[in-house]
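The structure appears below as structure tokens.
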Amino acid sequence: MRCRLHRFPLTKAVPLAISRGTTTAVEHLLVELEHDGVTGLGETGGFDTGHRRHDTEAIAVELEAIAPRLEGLSPEPLQVLDPLLAELSPPARCGLDLALHDWWGRRLGQPLHRLWSLDPGACAATSVTLGLAPPAAVLARLERWWAQLPASRIKLKLGSPDGLDHDRRLLEVVAGAIERRRQATGGPCELQVDANGGWDLPAARFMLEPLQRAGVVLLEQPLPPLAEPERDAAGFAALRPHCPMPLVADESCWDLPDLLRLAPHVDGVNIKLLKSGGLAEALLMARTARRLGLGVMLGCYSDASLLNGAAAQLLPLVRWPDLDSHLNLVDDPFVGLELRGDIVMPASAPGLGMALRERLGEPC
Ligand SMILES: [Mg+2]
């Protein structure tokens with residue numbers, strides 16, 4: 001098979017600020033795998049969880065180095081490629097894993113969710129994200145989302161560098177806006193909070209009561225992820241007995257071993273393809289989490305709709321979809337991902353079901 005790599009820019013319509021900083025634009029990579037007249041597409045890019053960071057440039061170097069070794073190989077059976085994929089960092093593996101899965105589905109003429117026998121009618125609404133900003137700007141962002149889609153799940157980022165008073169003020173104004181929305185529409189609307197590791201244990205404990213009072217239905221990654229696995233799990237264990245709403249691990253949970261380590265101390269995990277290294281591990285994680293009685297969240301970074309379309313193939317297994325990044329891009333190069341109300345649907349075309357809007361420039 002032949003592997004080609006393209007770089008492309010992604011620019012946010014509204015910059016997103018979280019506890020670790022603000023993102024306005026990123027560069028991502030398109031992986032094209034061609035074999036036997038079929039081309040599979042994959043997307044990857046850099047990201048940062050606070051304790052581990054991957055840069056797009058380093059991912060490109062990894063993929064360029066492995067491309068010549070793919071030339072004598074076939075995309076199937078996938079199992080033969082496992083040792084080679086295991087050499088790569090999670091995001092480099094993700095780019096290749098997505099292109100391989102896309103090739104496989106296209107070769108068989110079926111979308112992945114059908115090959116996995118998942119029910120596309122079982123998908124839940126996605127949350128939409130409100131970044132950190134002054135209260136008036138956060139309310140304006142919420143109104144902008146509601147002008148774009150009938151969002152019934154709102155994810156508010158907290159853990160502000162401006163401190164807990166600012167977090168409490170944001171919580172109050174957003175909870176108020178959601179209550180007014182419920183009364184005006186008569187429909188459901190829920191508030192989730194993601195602190196992105198922006199609190200320490202006393203701050204997180206202090207925030208539990210205001211979160212409960214604001215009707216928050218879910219708390220994601222209150223404490224910073226720690227490189228030392230036992231200490232990281234101990235943070236969740238210390239908070240969970242006091243936490244009145246489901247506690248979800250994101251930055252602390254990359255792969256299946258993380259999920260198994262954290263399972264006794266959380267109510268759910270946020271799976272992201274760039275952390276897991278692609279769909280093979282993510283499918284295993286989603287099925288295992290459900291078997292263990294954990295809720296599955298499926299999230300994104302500053303991803304285009306190819307990455308989110310790949311993740312969408314897993315949505316029938318997901319309680320809390322969080323795939324809104326492509327809805328906030330001015331230059332998404334891909335088409336094929338459908339939104340029904342506020343439900344992101346797994347595409348029904350073969351493979352990941354996604355296509356390039358127009359050809360990108362020359363391979364790098
Ligand atoms: Mg998160």
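Here the simple spin-label model places points 7 Å from the Cα toward Cβ, and for Arg357 and His166 these points are separated by 3.3 nm.
Inter-part distance, the stretch 13-74 to the stretch 82-137, computed on C-alpha centroids, equals 13 Å. Between Val128, Val217, Val80, the GNM of the chain built on Cα springs shorter than 10 angstrom shows Val80 fluctuating the most. By the gyration tensor of its Cα atoms, with a ≥ b ≥ c the square roots of the eigenvalues, what is the shape of the stretch 268-356: rounded for a/c under 1.5, prolate for a/b over b/c, or oblate? It comes out prolate by the Cα gyration axes.
For the chain, the carbon plus sulfur part of the accessible surface works out to 52%, probe radius 1.4 Å. Can you compute log10 of I(q)/I(0) for the stretch 131-258 with the Debye formula, treating each Cα as one identical point scatterer, at q = 0.12 Å⁻¹? Once normalised to I(0) and log-transformed, intensities are -0.47. What number, rounded to the nearest 500 deg cm²/dmol, is the helix-based mean residue ellipticity at 222 nm of the chain, given -39500 (n - 2.57) per DSSP H run of at least four residues and division by all its residues? It comes out at -11500 deg cm²/dmol, rounded to the nearest 500.
Accessible area per residue for the stretch 95-177 is 37 Å², calculated with a 1.4 Å probe on protein heavy atoms, without ligands, DNA or RNA. Peptide packing for 90-99, 227-236 was compared via the average number of neighbouring C-beta atoms within 10 Å per residue; ordered from the highest value, the list is 90-99, 227-236. Packing order of peptides 103-115, 198-210, highest average first: 103-115, 198-210 (average count of other Cβ atoms within 10 Å over each peptide's residues). Look at the alpha carbon pairs under 8 Å that are at least 6 residues apart: their mean separation over the length of the stretch 114-355 gives a relative contact order of 19 percent. Normalised by 2.2 N^0.38 Å, where N is the number of residues, the C-alpha radius of gyration of the chain stands at 0.96. All Cα-Cα distances of the stretch 2-109, cut into 10 Å bins from zero to the largest, leave 14, 44, 27, 13, 2 percent in each bin in turn. For the stretch 124-169, a Kirkwood radius taken over Cα pairs fed into Stokes-Einstein (37 °C, viscosity 0.692 mPa s) yields D = 291 µm²/s. In the context of the full set of protein chains, residues of the stretch 275-325 present 24 Å² of accessible surface per residue (probe radius 1.4 Å, heavy atoms only).
The values are calculated or read from the model by the stated rules, or taken from the named source; none is laboratory data. Predicted, not measured: the structure shown is a model, and the values here were computed from it. Cβ atoms come from the backbone with ideal geometry, glycine included; neighbour counts cover every protein chain shown. The area values use the complete protein model at the heavy-atom level, side chains included, leaving out ligands, DNA and RNA. Shrake-Rupley method; radii C 1.70, N 1.55, O 1.52, S 1.80 Å.
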